[in-house]
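Notes follow once the structure below has been shown.
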Amino acid sequence: MKKKPLLILLVLPFSLFLISHTVPFFYGLSLSFFSPTGRFVGLRNYLALFKDQAFWNALQFTFTYAGVVAVVMTILGLLLGIFINSLERGQNFVKSILLIPWAISLTAWGLLLQIALSQQFGVVNYFLLQTGVIKERLSWLGDPSLARVSVMLARVYKDIWFSALLFLTARQNIPPELYEESTLSGAGPWQNFWYITVPLLRPAILYIGVILFIFALQDFDLIYALTGGGPGFATEVVSLNIYRHGVRYGNYEYGIATSVLWSLIILGFTGVVFSPLQRRIVE
Amino acid sequence: MKRRRQVWESGLKFLGLVVITVLTLFPLYWMINVSLLPEKEVIRSIPHLFPSPAVSTFKSYVEILAKYEVPRYLLNSIVIVLSASVITLFSSFAVAYALAKYRFRLRNFTQYFIIWLVTLPWVVYVLPIFIIASRLGLLDSHILMILLYGFSGIPLFSWFALPYLYSFPNELIDAGRLDGCSEWGIVLRIVIPALRNVLIALFILRFVWAYNDLLYSLSFTFHRAKMIMPALLEFPGYLDIPFAKMAAGGFLAVLPIIIIVIVFQKYVVSGLVGQTFK
């Protein structure tokens with residue numbers, strides 16, 4: 001009697017995912033040993049990939065991007081969350097607007113930042129000139145190193161509020177009695193921060209940081225909409241690289257070989273960094 | 001001395017409040033502002049900081065609605081994502097319920113497997129799915145997009161639903177069994193009504209994420225089933241970048257989600273935040 005619900009509850013819905021995603025993935029794996037004309041070429045696609053400087057650059061930028069985005073969003077989000085928690089008035093108002101940037105899709109956000117970061121007509125350059133921060137208009141999206149900074153800033157600016165909301169909730173789960181006691185025994189706000197808030201929030205900090213990093217590794221939408229991976233390939237991440245070879249150039253086998261290598265890298269990374277955390281989530 | 005410090009403190013807090021408000025609302029404001037300006041007035045080195053009545057116009061909206069079939073793309077997105085979210089919600093709820101409330105072999109393995117699937121980027125599926133869908137003649141069809149968005153969210157949303165189901169009291173389920181409820185009756189009459197708010201929250205979350213997604217919609221829809229996010233990217237041409245039209249299209253595309261997030265704010269926060277700290 002108990003077997004039947006399990007079959008329908010677990011096996012059926014889960015196999016929907018396996019059939020629509022995991023099976024195609026393995027079909028792709030088999031295709032990655034062929035040339036576009038259907039000739040078996042063994043590991044040649046993979047060997048070409050190892051020599052492909054554009055792929056290694058994309059890989060490097062993906063990890064830099066995800067690392068910077070995750071670290072900045074975690075630290076600033078934590079500080080913002082604690083600040084919002086300390087507000088006596090206006091806290092509910094702030095909470096209600098924090099989700100507005102989160103609601104804007106990364107695609108629309110990318111287009112909006114194309115407008116705002118435009119070298120000649122953008123509002124960002126205008127404000128920075130007016131306030132005297134810069135002397136001449138910066139080419140936010142045209143200069144390769146500046147464009148890398150721009151996509152990271154764009155990403156952080158959009159979802160830092162969301163990260164703050166997560167930390168705000170975590171902070172409000174700390175029992176207020178702890179602070180009352182420590183204040184009674186003479187601790188100041190900084191001591192409270194370092195000896196109560198930070199240690200108690202450590203699990204949340206770790207958890208949110210890792211999740212933000214994992215999701216930032218997958219980013220596609222914003223970079224595609226904002227720079228398209230340019231100028232040149234300066235801001236190309238691995239997902240854009242795969243999309244470019246496959247959908248745009250029609251070189252599916254090569255793109256799939258890249259996908260396979262990319263999933264192996266993620267698998268390895270997950271195994272090393274994510275699994276201690278995983279265990280905690282499972283248990 | 002103490003009072004002076006308090007004045008300082010509340011002053012700084014007020015300042016922080018203002019800064020946060022300005023920073024969070026400015027992007028949306030700027031999108032609306034630019035969308036209401038004629039293209040000529042956007043391209044100037046001293047930008048209009050607000051759409052003064054002297055120059056503002058709805059011309060960009062009229063043009064993109066007439067020229068780019070924006071309403072059809074919006075409708076495609078909403079129909080596809082709405083149907084897909086129903087599929088994701090019930091499938092992942094079922095998976096999470098089975099994992100949390102039944103003992104069976106491979107249970108732990110399945111949980112690890114799901115978390116590993118969550119960390120695997122979507123992009124690794126795009127090319128194989130593209131090839132298979134084109135062989136089956138399913139590219140650019142509504143049904144393909146409904147199934148893809150419906151199924152792709154199953155690992156992530158099972159994982160989201162799992163903590164709620166773990167903490168769901170077993171006593172309620174056992175009481176149901178004692179009262180002679182079937183296993184299905186328990187799910188339908190006890191668990192689902194009790195977790196109604198969680199289900200609403202996860203549904204909204206799935207809707208927002210699938211609606212905002214670009215990767216699948218860009219790779220698999222071209223004309224018939226074209227969705228709004230890839231359609232937005234068509235406004236910039238090769239030679240000209242029509243800022244006002246981009247802003248107008250962007251605003252129309254984000255409006256449904258902004259409304260949903262404002263109306264169902266409570267659910268969004270609990271859906272996202274609740275599971276993290278359970």
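The values are calculated or read from the model by the stated rules, or taken from the named source; none is laboratory data. Since the model is a prediction, treat every value here as computed from it, not as a measurement. Cβ placement follows ideal geometry from the backbone for every residue including glycine, while neighbour counts extend to all protein chains displayed.
Run down A:F127, A:F167, A:F162, A:F121 and say which single residue is without any contact (Cβ under 8 Å) to a residue 60 or more places away in the chain, surrounded by 15 or more Cβ atoms within 10 Å (Cβ to Cβ) and either assigned to a helix (DSSP H, G or I) or within 8 Å of chain B (Cβ to nearest Cβ) (or both).
A:F121
So, B:A100, is that one over 19 Å from A:F121 (Cβ atoms), in contact (Cβ under 8 Å) with a residue 40 or more places away in the chain, of a type outside the set (S, T, Y) and in a helix (DSSP H, G or I) or not?
The answer is yes for B:A100.
Take A:G232 and decide whether it is surrounded by fewer than 22 Cβ atoms within 10 Å (Cβ to Cβ) and either away from chain B (no Cβ under 12 Å) or within 28 Å of B:W116 (Cα to Cα) (or both).
yes
All but one of (1) more than 8 Å from chain B (Cβ to nearest Cβ); (2) under 30 Å from B:I186 (Cα atoms) hold for A:G42; state the number of the condition that does not hold.
(2)
What's the number of the condition A:F63 fails, among (1) within 11 Å of chain B (Cβ to nearest Cβ); (2) out of contact with any helix residue (DSSP H, G or I) (no Cβ under 7 Å at 6 or more places or on another chain)?
(1)
Out of segment B:127-140, which residues are touching a residue at least 60 places away in the same chain (Cβ under 8 Å) and either within 7 Å of another protein chain (Cβ to nearest Cβ) or assigned to a loop (DSSP other than H, G, I, E, B) (or both)?
Selection gives B:I129, B:F130, B:L139, B:D140.
Report yes if some residue within segment B:217-230 is in a helix (DSSP H, G or I) and without any contact (Cβ under 8 Å) to a residue 12 or more places away in the chain; otherwise report no.
The answer is no; no qualifying residue exists.
Residue-wise test of (1) assigned to a loop (DSSP other than H, G, I, E, B); (2) in contact (Cβ under 8 Å) with a residue 24 or more places away in the chain; (3) surrounded by 11 or more Cβ atoms within 10 Å (Cβ to Cβ).
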position	(1), (2), (3)
B:R5	no, no, no
B:F14	no, no, yes
B:I20	no, no, yes
B:Y29	no, no, yes
B:V34	no, yes, yes
B:K40	no, no, no
B:H48	yes, no, yes
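For the structure I just gave you, tell me whether B:L117 is at the interface with chain A (Cβ under 9 Å from one of its Cβ atoms) and either farther than 26 Å from A:L267 by Cα or in a helix (DSSP H, G or I) (or both). So that I can check it myself, show each step before the final result.
Numbers: at the interface with chain A (Cβ under 9 Å from one of its Cβ atoms): yes; either farther than 26 Å from A:L267 by Cα or in a helix (DSSP H, G or I) (or both): yes.
Yes, satisfied.
With respect to B:A54, determine if the residue is of a type outside the set (K, R) and in the same structural domain as B:Y216 (by TED's automatic domain parsing).
Taking the combined requirement at face value, the residue does not satisfy it.
Looking only at segment A:251-282, filter to residues that are modelled with pLDDT of 85 or more and among the β-branched types (V, I, T); which one of those is nearest to A:A48 (Cα to Cα)?
Looking at the filtered set, the residue picked out is A:T258.
Restricting attention to segment A:197-224, which residues are of a type in the set (S, T, Y) and surrounded by fewer than 20 Cβ atoms within 10 Å (Cβ to Cβ)?
Across segment A:197-224, the qualifying residue is only A:Y207.
Output yes when any residue across segment B:200-213 is assigned to a loop (DSSP other than H, G, I, E, B), under 15 Å from the mean Cα position of the chain (by Cα) and of a type outside the set (A, V, I, L, M, F, W, C), and no when none is. Full working, then the answer.
At the first step, the residues of segment B:200-213 found to be assigned to a loop (DSSP other than H, G, I, E, B) are B:213.
Right, trim to under 15 Å from the mean Cα position of the chain (by Cα) and you get B:213.
The next check asks that each one be of a type outside the set (A, V, I, L, M, F, W, C); those that pass are B:213.
Yes, there is a match, as at least one residue in segment B:200-213 is assigned to a loop (DSSP other than H, G, I, E, B), under 15 Å from the mean Cα position of the chain (by Cα) and of a type outside the set (A, V, I, L, M, F, W, C).
Looking only at segment B:155-185, which residues are surrounded by fewer than 13 Cβ atoms within 10 Å (Cβ to Cβ), in a helix (DSSP H, G or I) and among the polar types (S, T, N, Q)?
Correct list: B:N170 only.
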